[in-house]
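The values are calculated or read from the model by the stated rules, or taken from the named source; none is laboratory data. Note that this is a predicted model, so its numbers are computed, not measured. Cβ sites come from the backbone with ideal geometry, for glycine too, and all protein chains shown count toward neighbours.
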Amino acid sequence: MKQKNILIVIFIGIFCLLGACYLWPEGVRAALSQSARSDLRKPGLTTPEMGYPFPRADKTTYQMDLYLDTINRIVYGQSQIRTTNTSGRVLGELWFSIYPQAFQNVSTSPAPAVAYTQGFSPGSLQIKEIKFNGHSCDFLTEGIALKVMLPRDMLPEEEFHVDISWQAQVPRVAYRYGTQDGIFMLGHIYPTLNAMSDEGWCLPQNSPFGDPFCLSAASYLVRINVPQHYRLVTSGELIASLALDNGRENHLIKAEMVRDFALTACSGYEQAKQVGKNLTLKCILPSEMRTESSQVLKESRQILEYFNCLWGSYPYPELSVVVVPMQGFVGMEYAGVVYVSEDQLKRSGLTMLLAHEIAHQWWYGLVGNDQYDEPWLDEGLAAYSAALYLNHLQGRSQLPAVAVRQVSLNRALPDFAADEPYRQAIYQGGEGFWRALEQELGADKVQKILRSYLSNYRYQLASGEDLKQVINQEAHRDMSRFFAAWSL
Ligand SMILES: [Zn+2]
């Protein structure tokens, strides 16, 4: 306990120093917007050896210093990413995703028109300055991609740090990135170092539907300055808060080994919580909906306990369910945080929605995957997991053996023309894959496969080939014919 307090004092000291040093420097470096798209990424292509060696979760930390200006809807950010070149290659460049850039234009925004209740409002992420090991470097931006040219080649196993000074404009839109009715939903707001597979960089991608992300897990230490009447909901846990004499407050948050750092700030929202032995469960929702919080907490607790028993315990100290004014999605998953759309709160499908989003804490959070190239991996598993939970609620120990329609799962987001066919193939088809596997191998064997998949790829990114290998090993036979029926 004593040692923990000393560590907290050191963290606060570091952040006070960071604040004094950075103060969001001026000197905007012009972003050169010429084509930077690489052809390294080929949707749907995997090889049996494919892995994601860089960046590694246990070697990567993000320290961020953020300031939320709620009047002008701007977040000023200073990020320092520390990691090691574990790619096994000499690197001359680094790729980052700058997701808020997707919201610059009507034509590129993934938010549906109905989400812009006051007309279109642009969002962006401007990069002010980038330093590699303390030395300024050039960079290019195109769409949501940021390419950083290193001042010299970086050798394998070299430790390095990148400092990025940035500024994000938050659009007025009821979406997972945007602000509406007193809430700032700031998913994927900060520059994120992209993952590299054995084939090369997983380049940043935008998509009008689905989750176009391929995120390596990392540890985060974040200082956020917000107006005092705003409540923060984030991944990880609050370490310290300090009220300032200007009506604002500094919060220091730590999140270890998480897929991403979720950030939400809300005013006029209420919080209900259940403090358990190892986990604090929170429900944050608009004040006028406060009577619904006990039901959300009760159901979320039951779902978590069910999945904990199936696969092993949820490892983080907190889980927050936030009810948000979001259009285009009914739910959204982040590490330690789940969004549920206000419209869904009183609907009969709420239990299934909560089960789906909470299952993502394992299948997306603990075991990550390329959600752009292989969306069936996490969405299929989340849909199947929700079906398992509903079946359990009905008192059945096993899913009923219904006829399953086989579809091609080997498809990336751009292989679909619209959201509906994407959901049918990836969500329903993905769930069908797991139901069919139960019929082939038995329900107990499938749970054994999932526990192996979790233990082999915890805090890593897994590919479809990795999963097939786990299934073959646990089945003790070659399952190629089964996979082929799903074009895998
Ligand atoms: Zn999902």
The lone condition TYR334 fails out of (1) in contact with a strand residue (DSSP E or B) (Cβ under 9 Å, 6 or more places away or on another chain); (2) of a type in the set (Phe, Trp, Tyr); (3) more than 16 Å from the ligand (Cβ to nearest atom) is (3)
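The rows are residues; the columns are (1) surrounded by 21 or more Cβ atoms within 10 Å (Cβ to Cβ); (2) more than 23 Å from GLN78 (Cβ to Cβ); (3) touching a residue at least 60 places away in the same chain (Cβ under 8 Å); (4) of a type outside the set (Gly, Ala, Ser).
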site	(1), (2), (3), (4)
ALA115	yes, yes, yes, no
SER124	no, no, no, no
ILE130	yes, no, yes, yes
ALA174	yes, yes, yes, no
TYR177	yes, no, yes, yes
GLY182	no, yes, yes, no
Got a sec? Which of ILE71, ILE81 is of a type in the set (Val, Ile, Thr), assigned by TED's automatic domain parsing to the domain that holds VAL222 and assigned to a strand (DSSP E or B)?
ILE81
Residue within segment 276-283 that is in contact (Cβ under 8 Å) with a residue 12 or more places away in the chain and closer than 18 Å to TYR230 by Cα present
yes
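Report whether or not GLU333 is crowded, with 18+ Cβ neighbours inside 10 Å, in contact with a His (Cβ under 9 Å, 6 or more places away or on another chain) and outside the structural domain of LYS254 (by TED's automatic domain parsing).
Working: crowded, with 18+ Cβ neighbours inside 10 Å: yes; in contact with a His (Cβ under 9 Å, 6 or more places away or on another chain): yes; outside the structural domain of LYS254 (by TED's automatic domain parsing): yes.
Answer is yes for this residue.
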Mind checking whether some residue in segment 251-262 is among the acidic types (Asp, Glu) and either at pLDDT below 95 or crowded, with 24+ Cβ neighbours inside 10 Å (or both)?
yes
Looking at (1) within 30 Å of LEU285 (Cβ to Cβ); (2) among the hydroxyl-bearing types (Ser, Thr, Tyr); (3) assigned to a loop (DSSP other than H, G, I, E, B), which is the one condition that is false for THR179?
(3)
Quick one: in segment 346-372, of everything that is more than 22 Å from SER313 (Cβ to Cβ) and within 13 Å of the ligand (Cβ to nearest atom), which residue is surrounded by the most Cβ atoms within 10 Å (Cβ to Cβ)?
GLN371
Residue list for segment 336-362, filter: within 11 Å of the chain's Cα centre (by Cα) and either farther than 20 Å from SER235 by Cα or not assigned by TED's automatic domain parsing to the domain that holds LEU319 (or both)
HIS360, GLN361
Quick check, is ASP198 touching a residue at least 60 places away in the same chain (Cβ under 8 Å) and within 16 Å of the ligand (Cβ to nearest atom)?
no
Only listed residue being of a type in the set (Phe, Trp, Tyr) and part of a helix (DSSP H, G or I), chosen from TRP486, TRP434:
TRP434
